[in-house]
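Nothing in this text is a laboratory measurement; each read-out follows from the coordinates by a stated rule. What you see is a predicted model; the values in this text were computed from it and never measured. A quick note on method: Cβ atoms are made from the backbone with ideal geometry, for glycine too, and the neighbour counts reach across all protein chains shown.
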Amino acid sequence: MLRALLQRLLICIVTAMMTVGLTEALAANDNLKIPNLGASSTSLYSEEYERKLGNLWLKVFRAQAPILDDPLLYDYIENLVFQLVLHSDLRDRQLQLVVVDNPTINAFAVPGGIIGVHNGLVHQAQTEDELAAVLTHEIAHLSQRHFSRQREQAQSQSSLTIAGLMAAIALAATAGSDAGLAAITATQAAAQDSRLRYSRANESEADRIGLRTLVAAGRDPHASADMHERMLASHRLYSTNRLPEFLRTHPLSEKRVADMRNRARAERRVIRPKSFDFQLMQARVRHQLAKTPKAALDLFTEQTQKGGTEAAAGWYGLALAQLDANEPIKARSALEQAMKPDPNNVAFLIANATIDTALGRHQSALRQLKSRLDLSPGNHPLTIAYADALWQAGMPHIAAQVLKTQSKRKPEDPGVWYRLAEVQGLAGDIIGLHQSRAEYFILVGALDAAQNQLSYALKLVNNNFTQSATINERLRDVMDIREELENS
């Protein structure tokens with residue numbers, strides 16, 4: 001039942017994905033009960049409604065997509081997004097980031113301040129500014145309220161076209177195959193040309209506003225055109241049925257790339273030194289996407305032969321690969337080479353602690369992490385690494401305390417709740433285990449499982465009125481979320 005609800009909601013609110021060229025037709029779906037707040041198309045959707053819609057969408061998306069649990073990479077991208085947002089037109093800066101474990105080049109923006117990034121985008125970008133260029137484009141979709149603005153245009157679309165699009169997206173969501181994408185392409189081709197022009201207008205505006213943000217942030221204005229030119233070149237290498245995902249969801253043409261290049265020429269090219277943090281995160285991603293452990297070892301061994309920070313990032317990737325191969329001594333040797341350009345980098349500290357843990361040197365790992373946390377309290381990747389080290393050291397009670405505090409800072413992070421449930425179970429806090437599992441299941445859209453976990457917890461509280469009241473309130477929250485899904 002829940003799966004059917006999630007799929008139906010996905011069909012309805014896929015309109016929210018600003019990077020998808022089909023959104024303006026889908027927004028006309030009458031099942032979306034959206035208040036009409038005025039004649040202006042920009043007022044049809046309040047920011048509060050968009051945030052509610054985005055939160056529902058995110059639960060559905062997490063249930064469907066392979067979300068990456070990598071606190072270091074997440075923290076890096078989140079910090080980059082917020083640096084860029086400071087120079088943007090975005091008023092509502094309550095943003096949520098989702099990182100998808102997918103090798104394709106893609107990013108997307110969803111109303112309500114949600115920005116999604118495939119780790120494949122980090123893999124394929126050649127510089128941090130190229131990654132920033134894609135992010136400023138997505139931020140522009142949010143700041144220009146394209147979701148609300150397209151509503152009026154969508155009202156002119158025929159119900160037959162909308163039905164076809166909805167069926168195609170349902171097929172793509174459930175089967176995850178090119179069959180659904182082919183159906184979408186066929187239906188899109190039959191739609192009115194005015195809708196396609198409107199989509200391209202959205203993309204062009206996001207290009208222009210994104211470039212302005214990029215320049216204001218002191219980034220290279222040519223980075224966007226550079227990256228899109230490479231994507232367009234790769235487009236020519238693919239058959240029609242094998243388009244890169246970014247090109248499926250972002251209409252791209254030689255004219256659009258030329259427009260980007262012409263706009264960039266009006267700005268001074270900014271030559272910046274390569275970001276070492278970007279290179280380290282790129283190494284993490286290439287490690288994640290390597291098809292086999294041997295492929296990762298070969299890739300990074302070759303990279304260590306290059307010069308400067310690129311070689312250092314290769315040594316870091318090699319350390320990660322050797323840890324996976326259960327070779328902590330070799331990993332330590334590789335990490336020592338990686339650390340030379342920036343010995344105090346938090347990525348190295350976490351890797352070093354992980355190596356100590358693998359060698360059974362738990363106190364050394366904990367001492368390093370705790371010392372750095374004292375200087376950066378609340379730092380997310382450090383806190384998660386510290387909790388994991390406590391867990392591995394056989395101290396689940398302390399790990400639970402650390403994670404419970406972090407859950408208040410990061411209540412929307414499924415990885416925090418997943419870990420908290422595990423260590424609470426090991427510490428004998430069974431009621432806490434069920435409550436934390438429920439929070440995890442709520443965030444990933446598994447409402448039946450969340451309700452079951454809360455029911456288990458309720459049976460164990462006996463006469464503790466405070467605990468039972470808290471659990472009953474959360475059960476009502478789950479029912480409210482379910483009702484929202486059913487009525488969407």
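Gain on full extension, evaluated as 0.36 nm per residue between A325 and E484 minus their Cα-Cα distance, stands at 52.6 nm. Sorting K340, K52 by the number of Cβ atoms found within 10 Å of their own Cβ, with the fewest placed first, yields K340, K52.
Taking other Cβ atoms within 10 Å as a rough exposure proxy, E47, E138, E473 sort from fewest to most as E473, E47, E138. Over all other residues within a Cβ to Cβ distance under 12 Å of L135, the charged ones net out to -4, with Lys and Arg as +1 and Asp and Glu as -1. For region 54-74 versus region 329-356, the inter-centroid distance based on Cα atoms is 29 Å.
In terms of other Cβ atoms within 10 Å, H137, H397, H287, H87 run from fewest to most in the order H397, H87, H287, H137. Packing, as the average of other Cβ atoms within 10 Å across residues, places the peptides 96-106, 380-390, 439-449 in the order 380-390, 439-449, 96-106, highest first. Based on C-alpha pairs under 8 angstrom that are at least 6 apart in sequence, region 394-488 has a relative contact order of 20 percent. I need the P(r) histogram for region 309-447: all alpha carbon pairs, bin width 5 Å from 0 out to the longest distance, whole percents. Result returned by the calculation: 2, 11, 18, 18, 18, 14, 11, 6, 2, 0. In summary, region 283-336 shows an alpha-carbon radius of gyration equal to 0.98 times the 2.2 N^0.38 Å reference for compact globular proteins. Each peptide in 313-320, 357-364, 413-420 receives the mean, over its residues, of other Cβ atoms within 10 Å, and ordering these scores from highest gives 313-320, 413-420, 357-364.
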